[in-house]
Structures are given as C-alpha cells and as structure tokens.
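Colleague: Handing you a structure now.
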Amino acid sequence: MSRLVVAADFGGTNLRSALVNEAGDVVERIDRSTPAEASPDAILREILQLFRDIVARAPAPPVSAALGVPGLIDADQGMVILAPNVAGFRNLVLTAPIEEQLGIPVFIENDASAAALGEFRFGAGRGTRHLLHATLGTGIGGGIVIDGRLYRGARGLAGEIGHVIIDPAGPRCNCGSRGCLESMVSGVAFAERARRVLATGSSPLLQEIVGARDPSAADLQAAAEAGDKTCEAEIRHGGHLLGLGLGSLVNVLNPEAITLSGGLLNMGDMLLGPMKESMHSIAYGPASGTIVRISSLGDEAGLLGAAAVAFERVE
Ligand SMILES: [Zn+2]
C-alpha cells in the first residue's frame with residue numbers, strides 16, 4: 001500500500017489539509033477559513049485541530065507532515081518568521097507542537113518553494129532534474145529544484161524570484177527596493193497599471209468596466225480582451241519584463257524547464273507571448289533551450305507542494 005503524508009497549505013483565506021499518497025492523489029481533504037483576526041495561540045489551536053481531524057481519517061499512520069506557508073520561514077527551527085497575509089503568523093514556532101501531537105516528523109516550507117517541488121514530483125515538472133518554478137499571482141514567488149532536490153540556500157530563503165530587480169527606477173516594492181519583478185508584473189502591479197491608465201483617461205473602455213471601483217488586474221485583462229490597445233500594451237509590456245527577469249534566472253540556473261502557476265496565467269498569450277520572446281532573446285548559450293510549461297495541478301497545487309516536501313524530507 002502507498003505511503004501517506006499529511007499536507008497543509010495556509011493562505012490568507014483558507015487553511016487546507018489533506019492526506020496524500022505517493023502517486024500524488026489527494027485521498028482526504030479538509031478546507032476551513034483562516035481566522036480573520038487571530039492571536040498566535042488561537043491560530044495554533046486551529047491548526048492543531050485541523051491536523052487532528054485530517055489524521056483521524058487516515059486508514060494507516062502517515063509517515064510525515066508538511067505545511068506550506070506564504071512568507072519567510074525558518075525551516076530548521078520549524079518557525080514562521082513573517083507571513084504578511086496571515087494574521088497571527090509572526091515568529092510562530094509551528095512544527096514542535098504539531099510533532100508532539102501527531103508523533104510524526106513535521107516540516108514547514110515557503111509555499112512557492114513547496115509548489116516548485118510539487119510541480120517537480122507530481123506536475124508539469126515531472127521528468128526534469130533541474131527546474132525553476134514561478135508563481136504569478138497577487139505577488140510573485142518561486143522555487144528552484146537542483147538535481148532533483150529543492151534548493152533552500154543557506155537560511156532556507158532561496159527562490160525569492162519576485163525580488164529580482166528589473167528597473168532600478170521602478171515602483172517601490174514591499175521588500176523596500178525599487179523595480180522588483182513583484183512591483184512591476186504581479187497582480188498588485190497590474191492593478192496599479194490599471195490605476196495609471198485610468199488616471200490618464202486614455203481608456204474609456206477600462207473606465208466603463210471599472211466604474212467607481214478600485215481596478216484589478218482582471219479589469220485590465222477584460223479591457224484588453226475587449227480590444228483596448230492601451231490595456232493590451234500594458235499587459236504585453238508586463239510580459240516582456242517578466243521574460244527579462246525569468247530569462248536572467250535561466251542564464252544563471254540552466255534549468256530544463258520553467259513551470260508557471262498562478263492567477264495571472266489567465267492573461268494567456270497576451271502575457272506569455274512577450275514573456276517567452278524576451279526570455280529567449282536574452283538567453284545565453286545552453287539556456288536558450290529551456291521549455292516553458294504551465295502547471296497542471298490547479299487547485300491542489302498548494303497541497304501537493306506540501307506533500308512533496310513531506311515525502312522529500314523523509315527520503
Ligand atoms: Zn522586492
């Protein structure tokens with residue numbers, strides 16, 4: 001019988017947990033909403049309960065557990081240093097109390113790093129040995145697999161590809177720098193581009209779509225798809241910049257493939273066309289052969305990422 005692990009995925013809106021087998025099948029799953037305003041104690045209680053409930057459904061004892069967390073983590077200490085989108089997640093030691101309760105090894109990982117390992121093991125990165133994964137959503141994250149193992153760096157912080165600088169005169173990023181990929185091409189950055197288009201009055205169509213609301217990346221996309229050239233140019237320019245960032249990383253790492261996931265992929269070829277073009281235009285030597293693949297894991301990407309970490313850690 002296939003071994004089982006416990007996988008958990010903690011985001012700003014949902015706390016999810018699952019039992020996953022070695023083939024990457026989610027055999028049981030529990031989704032709950034993230035408590036809106038929680039103290040570290042309250043959120044830890046919530047998490048312990050979630051783990052108790054999922055383990056109670058296991059037909060055989062799981063071999064390990066892993067949690068993906070959107071933020072800075074210290075994997076060795078089993079601690080979340082900072083997770084800006086999850087209330088109560090700051091300097092919180094997570095693994096020790098869960099281990100005590102479950103009696104199995106428990107690990108934490110940054111969610112984008114976990115997603116990279118998930119793609120490598122179960123998704124679009126299968127069959128590679130060297131992989132770069134980028135999550136293109138509200139923010140931009142990433143993970144690096146080298147020679148079949150997740151690359152964590154000296155302090156477990158590797159893979160922060162959203163903070164590669166592509167324009168030193170660009171907008172201020174959450175990290176304090178200017179012109180990071182995340183401040184120029186993320187969901188938040190595209191919403192800001194939409195705001196700028198509205199401010200110039202150059203897109204009546206976007207104005208009509210947005211009305212009195214605050215614009216989003218999806219509004220920019222909707223206007224572009226309805227034929228608005230200004231909005232389309234914003235998305236294409238974003239794609240071009242994304243390609244410069246990812247292409248630079250490809251030149252450093254020489255992965256066999258780049259896998260992509262996240263909500264911005266809804267923009268389709270309008271984003272990905274210019275991205276691939278600029279990525280390949282700056283590719284140096286062997287890096288020019290890198291393949292771009294779209295994640296096949298969908299809604300389960302976070303859970304399968306954590307599951308991949310749980311399996312890797314006990315191998
Ligand atoms: Zn940054």
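The values are calculated or read from the model by the stated rules, or taken from the named source; none is laboratory data. On a predicted model such as this, the values are computed, not experimentally measured, just so you know. Using ideal geometry, Cβ is built from the backbone for each residue, glycine included, and neighbour counts are taken over all protein chains shown. Only protein heavy atoms, including side chains, enter the accessible area calculation; ligands, DNA and RNA are left aside. Shrake-Rupley method; radii C 1.70, N 1.55, O 1.52, S 1.80 Å.
Colleague: Roughly how many percent of the accessible protein surface of the chain is carbon and sulfur, given a 1.4 Å probe and a whole-percent answer? Working shown, then result.
Modeller: Numbers: 6850 of 13500 Å².
That share works out to 51 percent.
Colleague: I'd like the distance separating the alpha-carbon centroids of segment 115-144 and segment 231-297, in whole Å.
Modeller: Centre-to-centre distance over Cα atoms comes out at 13 Å.
Colleague: To the nearest 0.05, what FRET efficiency results for SER281 and HIS237 with a Förster distance of 22 Å applied to their C-beta separation? Numbers along the way, then the final one.
Modeller: Numbers: r = 15 Å, r/R0 = 0.67.
For R0 = 22 Å, the calculated efficiency reads 0.90.
Colleague: Moving on to the next point. Using 0.36 nm per residue of separation minus the Cα-Cα distance, give me the extension gain between ASP25 and ALA38 in nm, one decimal.
Modeller: Details: separation 13, 0.36 × 13 = 4.68 nm, distance 3.18 nm.
Result: 1.5 nm gained on full extension.
Colleague: Quick check for me: using +1 on Lys/Arg Cβ and -1 on Asp/Glu Cβ, what's the dipole size of segment 146-302 about its Cα centre, in debye to the nearest 20?
Modeller: Working: 13 positive and 17 negative charges, 98 e Å.
Charge dipole, segment 146-302, about its Cα centre: 480 debye, nearest 20.
Colleague: How much accessible area per residue does the chain have, in Å², with a 1.4 Å probe?
Modeller: On a per-residue basis, 43 Å².
Colleague: Additional query: Which is the longest part of the chain that has none of the trypsin sites (Lys or Arg not before Pro) sitting in a DSSP loop with at most 14 other Cβ atoms within 10 Å?
Modeller: Working: sites that count: ARG57, ARG129, ARG155, ARG213.
Value returned for the longest uninterrupted segment is 214-315.
Colleague: Report the net charge of residues surrounding THR259, where surrounding means a beta-carbon distance below 13 angstrom and charges are Lys +1, Arg +1, Asp -1, Glu -1.
Modeller: On the way: positive: ARG121, ARG126, ARG293; negative: GLU119, GLU256.
Neighbour charge sum, excluding THR259 itself: +1.
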